[in-house]
Amino acid sequence: MHVSTIDIREAAAPALFYLRPNWGRPVEAGARDLDFLALAEGYRAFGGIAASAEMAGRLPGAGISRLARGIVAREVISFEWRGEYWLPRFQFEGEGLTVAADAALLIAELAAALDDGELAQWFVTTNAWLGERVPLQVMPTDFERVHDAARSFRFACRD
C-alpha cells in the first residue's frame, strides 16, 4: 500500500487514526504503523525514505537483485513495513544504488549490534555522544564524532 501525504497527516494526529485500505474499511493503526511514520518523519529532512521497488528502479534490470543482496547482507539500512522494504535515501550516492562510504562504515559498525529497525532508528535518534543531536545532523560536519559514537555504542552492546 502506498502511503499518501493525507494518510501521513492523519497518522500524525494525536488521537488514534485510521488508514483506509483499498477495500474501503478503515483499520486502526498499530504500533508498527506509528513506528514507521516516526521513522519517515525523522528522515524527511535528510532526503526521506523510499520503497525498495522505487530504489531498485534506479538500475533497470540489475537493480532489484543488487538491492536485495545489500538488504540481505545488511550492507544498507532498510526496514520492513506492511510487506515492503523501505530505505533511507541519505545512504546512497547520487541517483544510483552505491552506498556512500561514510554510511557504509557506520552500517558496518552498527549492524552486528542492532536489528534492521533499530539500525534505521539510530541515525535519527538524539545521541548523548553527539550533544543530544541526531547522527544525521552531525555527519556532514563531524563524521569522526559520529563514527566514535557508533563504535562506542557497538562496544556498549557487547555481552
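Nothing in this text is a laboratory measurement; each read-out follows from the coordinates by a stated rule. Since we're looking at a predicted model, the values are computed, not measured. Ideal geometry is used to build each Cβ from the backbone, glycine not excepted, and the neighbour counts take in all protein chains shown.
Charged neighbours of F153, selected by a Cβ distance under 11 Å, balance to 0 (K, R count +1; D, E count -1).
When each of the peptides 42-48, 105-111, 125-131 is scored by the mean number of other C-beta atoms lying within 10 Å of its residues, the order from highest to lowest reads 105-111, 42-48, 125-131.
Within the set of other residues whose C-beta is less than 10 Å from the C-beta of T126, count the net charge using Lys and Arg as +1 and Asp and Glu as -1. In short, 0. The gain in end-to-end length when the A156 to D35 segment is fully stretched comes to 41.1 nm, 0.36 nm per residue minus the alpha carbon separation.
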